[in-house]
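The values are calculated or read from the model by the stated rules, or taken from the named source; none is laboratory data. Predicted model, so just to flag it, every value in this text is computed and none were measured. All Cβ positions, glycine included, derive from the backbone under ideal geometry; neighbour counts span all protein chains shown. These area figures cover heavy atoms from the full protein model, side chains too; ligands, DNA and RNA do not enter into them. Shrake-Rupley method; radii C 1.70, N 1.55, O 1.52, S 1.80 Å.
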Amino acid sequence: MTVEQMSRLTLAGLDGDPREVAGTTIAQLARGLSGELAWPGSGEYTSATRIWNGMVHRRPALVVRASDAVDVQRTVEFCAEHEVELSVRGGGHHIAGLALSDGGLTLDLSGMRLVSVDLDSGVVEVGPGCTLGDVDRATQQYGLATTLGFVSQTGVAGLTLGGGFGYLTRRFGWTVDELQQVEIVTADGSLRQSSLRESPDLFWGVRGGGGNLGVVTEFALGLHSVGPQVTAGVIAWPAADASSVLDLFRQVTASAPRELTLAAVLRNAPPAPWLPTAAHGTPIVALVVCHSGSLADAEAALAPIRAHRRPLADATGVKTYVEQQSMLDGTQPAGLHHYWKSEFLPALDDDLLHVVVDQLRDNVSAANQIVLFHVAGALNTRPADACAMGNRDAAYACMVQASWSGADPAGPGYHDWVQRAWEAVRPHSTGGNYVNFQTGDEPDDRTVAAYGDTYRRLADLKATYDPGNLFRVNRNVPPRPASVPDLG
Ligand code: FAD
């Protein structure tokens, strides 16, 4: 069927109620786009609706594959006028499948992948369809980088809008701390520039507001000299050493230079060539390391880690920053069922370290893991209310993670392991968590907790810029006064 042959289409409305839209209206939308309109069975529909988490099954009735900001404006106006549910897809990596509308319209930005490095201003302009790898590859040609995450296929857009952290966070803060300006389409269809100077209130909310205030069509992120070589990789020990390695992790991270980032991973060993075959499938503790300072400083900083007990394998060394940025890609395959829980932690106390070692003993899956990321540093030096992201009291991020094939009958058990492990970790939280790691079953009060003290101001901004809550397929912050949660 062509769009002209549709007499009318039923789409999911903003409140889930069905909305009938005439075929002529849909055809008009299609004609006004530089990009493409797709629907089930047509053109690029299947690839546009394929996302990272295979557990999520949502089928939008329409997909706009946008080419430029005007396509975004037309789509936003269409959804606002016809009260159709709108989702926005960047890299499609949010675990809750927030990229896709179920029955409404998905605005797919994955074709808008322009990256432009401006050496004079030290800024990279990034299209909303870029992956982290797109940006790192472009900026590293000049020995520059901005703060992005650990897996190169992740979308820059969603990562940045929800906060963002990675190997450079200790030096430069959350990814939103790197943000200099955005071009954004708000719910009234206007295309605006927003920065510390232009619409600064909007800019405050964009930096962490998770797409609640509009569709960003371009990001400008600050750059720093990084690499192109770093000292990085992973070292693993048998589970028998888990307590002492976590103790080492705590000691090293307490005084590590900001150039050094460590993450502790507790899991069963994957069948990776860098690990001895005899260790495959056995429980291990590993430290993922990245030192982005001088090679001599890195050697000194890594010496006590490399000398600790007898590692099963040491796969650290000098490599390119781009290589390190994709080292973990293979551990996060697209299409599997994925389920996570996360908390920000103020510190690592003894009880917490016992808890995570106990959970490792209970882990029956090949792929489940607990990860403790060290993030303390630059992010803690900015005011708590510098932007919507908040969480300036975080020193570590803890993630409990399960992945399994949809055909694995043990899958539900892995899901339950995550719940148990997370419940055990939770008492050690700052009280905050990361909106970008929230699963679809997290209740609204988890989003309130994720923002903490910045929630109320974000809800006020939502009332200003999106009073009808058009942008709701996200970790939603409803406009005040509708939301007005009792924050105590
Ligand atoms: P999408 O699923 O496309 O979108 C996520 C949300 O953002 C949706 O609500 C969507 O509507 C909104 N959105 C997307 N683009 C726009 C836009 N242009 N304008 C307005 N709203 C928009 N996070 C980290 O901070 N550090 C990490 O190291 C890290 N590693 C990860 C590794 C993996 C394998 C995965 C799956 C996730 C990881 N994350 C990490 C979490 C990541 O930040 C989120 O999944 C994020 O949502 C990914 O962005 P995306 O564009 O791919 O998401």
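Of the DSSP H helices in the chain, those with a Cα length along their own long axis of 18 Å or more and a mean Kyte-Doolittle hydropathy reaching -0.5 comprise 69-82, 242-255, 350-362. Across all Cα atoms of the range 158-292, the radius of gyration (one decimal) and Dmax (whole number) stand at 20.1, 60 Å. As a calculated quantity, the FRET efficiency between Asp188 and Arg426 at R0 = 45 Å, using C-beta atoms, amounts to about 0.65. If you plug the beta carbon distance of Asp351 and Thr46 into 1/(1 + (r/R0)^6) with R0 = 51 Å, you get a FRET efficiency near 0.60.
Where the centroid of each part is defined by its Cα atoms, how far is the range 46-61 from the range 226-274 in Å? Computed from Cα coordinates, the inter-centre distance equals 34 Å.
Residues of the chain: accessible area per residue at 1.4 Å, in Å²? It would help to have the intermediate numbers written out before the result.
On the way: 18380 Å² over 488 residues.
Value returned for the chain: 38 Å² of accessible area per residue.
Just the protein heavy atoms count here, and of the accessible area of the range 291-358 at 1.4 Å, carbon and sulfur take up 57 percent. Spin-label model, Ala463 to Ala407: label points 7 Å out along the Cα-to-beta-carbon direction sit 5.4 nm apart.
To the nearest 0.05, how large is the calculated FRET efficiency for Gln5 and His57 if R₀ is 25 Å and r is the Cβ-Cβ distance? Walk me through the numbers on the way to the answer.
Working: r = 27 Å, r/R0 = 1.08.
With R0 = 25 Å, the Cβ-Cβ based efficiency is 0.40.
Measure off 7 Å from each Cα along the Cα-to-Cβ vector at Ala272 and Glu81, then give the distance between these two points in nanometres to one decimal. Label at Ala272, label at Glu81, 5.2 nm between them. The mean sequence separation of alpha-carbon pairs under 8 Å and at least six residues apart, normalised by the residue count of the range 1-130, gives a relative contact order of 23 percent.
Share of pairwise Cα-Cα distances greater than 36 Å in the chain is 29 percent (whole percent).
Surface listing: Arg420, Arg58 arranged by accessible area from highest to lowest gives Arg420, Arg58, probe 1.4 Å. Rolled with a 1.4 Å probe across the full set of protein chains, the surface gives Val84 an accessible area near 0 Å². Anisotropy class assigned to the range 375-483 is oblate, per the alpha carbon gyration tensor with a/c at or over the 1.5 cut-off and a/b no larger than b/c. Here each label is just a point 7 Å from Cα along the line to Cβ, and for Val364 and Ala384 those points are 4.3 nm apart.
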